[in-house]
1. Take the eigenvalues of the Cα gyration tensor for region A:131-248, scale each by 5, and report the square roots as semi-axes in whole Å, largest first.
2. Can you give me the orientation-averaged projected area of the convex hull built on the Cα atoms of region B:2-75, in nm²?
3. Highest mean first, what order results for B:271-280, B:149-158, C:180-189, A:263-272 on Cβ atoms within 10 Å?
4. Mind checking the dipole of the protein assembly as shown: about its Cα centre, +1 per Lys or Arg Cβ, -1 per Asp or Glu Cβ, Debye to the nearest 20?
5. Looking only at region A:211-237, which residues have a backbone nitrogen under 14 Å from a spot 7 Å from the Cα of A:ALA199 in the C-beta direction?
6. Can you give me the relative contact order of region B:91-325 as a percent, contacts being Cα pairs under 8 Å and 6 or more apart?
7. What 222 nm value per residue comes from the helices of chain C, counting each DSSP H run with n ≥ 4 as -39,500 (n - 2.57) and dividing by all residues, nearest 500 deg cm²/dmol?
8. Between C:LEU110 and C:LEU25, take the C-beta separation as r, use R0 = 22 Å, and let me know the FRET efficiency to the nearest 0.05.
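Any read-out appearing in this document is the output of simple, stated calculations on the displayed coordinates, not a laboratory observation. Fair warning: this is a prediction, and the values are worked out from it, not measured in the lab. Methodologically, a virtual Cβ is constructed for each residue, glycine included, from the backbone with ideal geometry; neighbour enumeration extends over all protein chains shown.
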Amino acid sequence: MTGEALLSVSDLRLQHRQAGILLDGVSLTVKRGQILGVVGESGSGKSLTGLSVLGLQPQGQLSGTLRFDGEDLTRFSSRDWRRFRGRRAAMIFQDPMTAFLPVRRIGPQIVEQIRVHTALSHQAARERVVSLLGRMGVPSPEQTAQRFPHELSGGLRQRAMIAMALSCDPELLIADEPTTALDVTVQTQILTLLKEIGAREASVMLITHDMGVVAQSCTDVAVLYAGVVIETGPVAEVLQAPLHPYTKALLRAIPPMTGSRPERLPVIDGVPPSPDTRPVGCVFAPRCPQVTPDCAIRPPMRGEGAHRAACVLVP
Amino acid sequence: MKGVASRLGQMVLVLFGISVLVFAVFFATPGSDPSVRIAGRGASPEVIERVRHAYGFDRPLPMRYLTMMDHLFISRNLTSYVNHGQNVVSEVFAAAPVTLSLVLWAALFWVAGALVFGLIGAAFQGEWIDRLVSLLALIGLSIPVFWLGEMVNLVSESRFHDSWLFSWVPPLGYVPFMTSPLGWAKALILPAMTLAVAFIGLYSRVLRTDLLTAMQDDALRTARAKGVGPWRLWFCHALRLSGLSALSLFGLDFAQLLGGGALLIEVVFALPGVGHLTYQGLSTLDLPLIMATVLYAAFFVVIANALIDGLYRLLDPRMGRGSHDG
Amino acid sequence: MIFSATGRFLYRRKSAAAALGMLLLLILCALAAPLYAENVGVDPMESSLAGTVLRDGKRVDIMQPNDNPLHLGLSPIGPSWRWGAYALGADSQGRDIAARLLYGARASLLIAFSAACLCLVMATFCGLLAGYCGGWIDIIISRALDILWAVPVYLFAISLSVVTVGHDLSFGPFHVQPDSLLLPIGIIALIYVPYAARPIRARTRSLSSAGFVLAARGLGASSLRIVFREILPLLAETVLVLSPLIMALCLLAESALSFLSLGVQAPAASWGSLIHDGEGLIYSRPVVAIAPGVAIILTVLALNALGDAAQAELRARGRR
């Protein structure tokens with residue numbers, strides 16, 4: 001089954017009336033069985049890309065194509081969206097504390113999603129929730145389902161969140177910074193869980209700002225900068241031989257695991273362009289150490305095989 | 001348990017404070033001597049002195065306070081200064097069902113109205129219908145309730161009484177539920193609606209703001225990502241999240257109305273409730289009667305507040321259940 | 001600077017400008033009351049049951065026979081579309097409604113404005129003291145406000161009015177006339193103190209832990225200096241935004257008290273007492289009660305709209 005494109009986003013643009021251009025041509029593909037890491041700084045549009053796949057982006061002008069398993073998402077009516085969300089693609093959010101409704105117990109919130117999308121009886125849905133929670137590694141799932149969100153630890157809440165997302169067997173799981181709000185040890189557990197899910201149950205789009213997370217759990221990666229995907233490819237290739245100057249700089253900014261610590265980590269001069277002052281040409285050109293005159297025109301993605309980057313320096 | 005005890009202690013303290021305050025207002029306001037009032041204008045000093053002694057106003061204030069509280073709450077035999085022998089406490093309790101019926105009806109209208117207008121305003125945020133509802137709410141807040149009552153009377157009892165719309169309206173007054181449930185409802189519907197107007201204005205605004213805030217909440221984004229439909233989204237998620245703050249407000253207002261805040265409506269519609277009783281006391285300057293109603297009202301507000309507080313804790317699991325393990 | 005800020009606020013929020021215009025118009029009308037009374041030649045306080053008035057070129061009685069079939073009793077003359085005396089008709093004492101409405105506006109607006117100012121001064125004092133000092137002072141003030149808050153506002157106002165209004169009062173050397181406007185002003189101001197003091201206390205608390213206050217304290221500024229130079233100027237904004245809403249509440253409370261004959265004492269008029277006068281004539285001459293009610297609604301609506309706009313402005317500024 002692996003290899004067939006499940007979600008393909010191409011040239012996605014989102015313009016907000018006040019904030020400006022939020023997405024400036026995002027193109028990426030999630031294949032079945034893949035765990036795609038979408039990595040970028042805050043404000044690069046990675047979360048917005050995830051939300052757009054579910055039609056939850058803020059009000060604004062959206063253009064480009066979004067194809068999911070052959071269907072054109074941009075033509076969806078609100079009724080189509082309701083059937084799509086949670087059923088075929090589900091999302092988990094950064095902070096599981098605020099993402100659950102604080103005044104209802106965990107179990108009923110998951111049951112609600114199952115009952116919205118399937119004809120399962122209340123009893124059957126409840127049993128399903130307990131088994132799901134158990135599968136997500138939640139100890140004593142029956143009692144946990146009876147708890148309120150604030151009564152669980154962060155890790156358990158995120159497991160419950162993942163259980164809710166998987167409750168209707170979606171084909172795509174979008175995880176928006178799922179581990180940022182968690183302790184380091186719990187982070188690893190959740191990432192392992194996501195990896196298992198990616199291998200067995202659904203394709204995963206893992207949105208993160210952390211290259212380490214990408215290295216640890218993804219099969220592929222898409223690097224976003226200022227609303228543009230500037231490099232994509234299999235994780236191993238991108239990490240070992242990054243093509244785009246931004247990716248190179250980003251990887252240099254990670255402290256090495258072995259050897260002596262450098263005095264100072266290298267930094268990228270300047271700041272990312274704000275949404276209302278996007279450059280016409282290559283978005284990274286103003287900060288790029290290897291900038292050339294050709295950078296005044298937005299470069300297309302180029303490269304060999306799966307590993308491609310949007311840079312004039314790529315042969 | 002400790003929390004409950006300390007809250008109870010605070011409540012008792014507030015109740016004590018209120019009783020002292022109300023007593024002081026009526027019997028210890030500087031420059032206002034109740035004996036002069038009872039003796040009447042232009043009474044001779046000897047008469048005033050006799051009255052002062054007969055009513056016990058010459059005793060020290062703390063003693064009088066204790067006696068008064070005993071008459072009000074323990075022996076419950078406080079008698080009117082005007083109709084001698086009339087037991088004030090039992091009068092208050094006899095009038096209570098009228099006020100309770102009125103306020104219950106009003107609460108029905110005001111919760112329904114606030115829900116409808118609040119949801120409309122939030123769902124159509126910024127559109128003309130939202131502006132219209134906001135304007136109506138603002139007008140509702142700005143109408144003096146007794147004037148609105150007069151207007152309702154004018155329209156329903158006089159000008160359009162013979163039209164199909166108002167021909168069912170009974171003459172002003174109250175019909176006990178036990179006598180005729182239908183008459184009871186008929187007598188209360190218009191007064192209750194009038195009473196509810198200002199509250200609908202207030203609560204629809206509060207609810208609209210709260211709903212819009214809730215809609216920005218992460219939990220609502222999750223609900224949308226779950227594929228929940230718009231009705232479920234508004235009613236089961238947004239309302240559940242935002243209804244709580246309106247609920248605590250509701251408890252306070254409900255208790256204030258029960259405690260006599262409905263006085264003006266009861267006067268205008270001639271409903272013999274607690275407020276009307278207070279009004280009668282006003283015209284005859286019957287201090288024990290007014291004091292009894294005010295004090296019972298205040299106590300009612302405090303107790304209702306405590307109850308709402310408890311209910312709030314029950315409905316919002318985040319509060320005060322830190323040590324919960326189930 | 002204040003003027004330009006106000007100007008920009010009114011320019012941005014049209015509803016506020018309209019509301020302010022309406023309020024200014026009402027104040028002008030109230031100020032013009034004697035002008036009107038002299039111009040048309042009526043006395044708003046003196047009853048004139050036997051008087052006559054020129055209408056449509058004819059002299060007619062102010063008190064006219066009832067239009068019921070038996071012509072029993074008298075009812076006051078009704079309104080007419082012509083400008084002149086008794087344009088809005090007469091009340092049961094044969095007095096000109098329009099003139100009384102204008103004079104009533106003076107009393108109502110004066111009481112509402114003074115009560116709101118007094119209330120805000122007291123509330124600012126309590127809120128500032130409780131919020132800045134904290135500790136047991138805060139506890140005592142907050143509990144005291146809780147106690148005031150627990151007594152239903154109108155009942156509290158009524159109780160205070162019953163024991164004070166209409167009686168000769170002496171507070172030591174001060175003697176208060178039984179019909180003095182000071183009594184309703186003081187009473188109405190008092191009942192809304194808890195309402196205004198809570199937000200002021202909360203704002204003071206957040207301000208007094210703000211960085212610049214801590215910095216001032218670190219520089220050795222005295223508490224008085226911090227309160228007056230650092231906190232009060234910023235608190236003024238909160239108080240100013242609160243003021244139209246408080247004034248609206250005060251106006252409604254005044255009308256309710258006067259409606260129960262516990263506010264402005266006859267023969268003086270306020271809008272509330274005019275509605276009370278109109279109650280007896282409600283079925284025959286409804287205009288007597290309708291006119292003051294409309295005046296109250298317009299005023300309170302304008303005040304509420306102004307308060308809403310000011311609050312929205314403050315929120316928007318906080319976001320920026």
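1. After scaling each eigenvalue by five and taking roots: 30, 14, 12 Å.
2. Result: 6.1 nm².
3. Highest to lowest by the protection proxy: B:271-280, C:180-189, B:149-158, A:263-272.
4. Dipole size: approximately 1960 debye.
5. Only A:217-219 fall inside the zone, counting backbone N under 14 Å.
6. 27 percent
7. Dividing the helical sum by the residues of chain C leaves -21500 deg cm²/dmol.
8. The pair C:LEU110/C:LEU25 has a calculated efficiency of 0.85.
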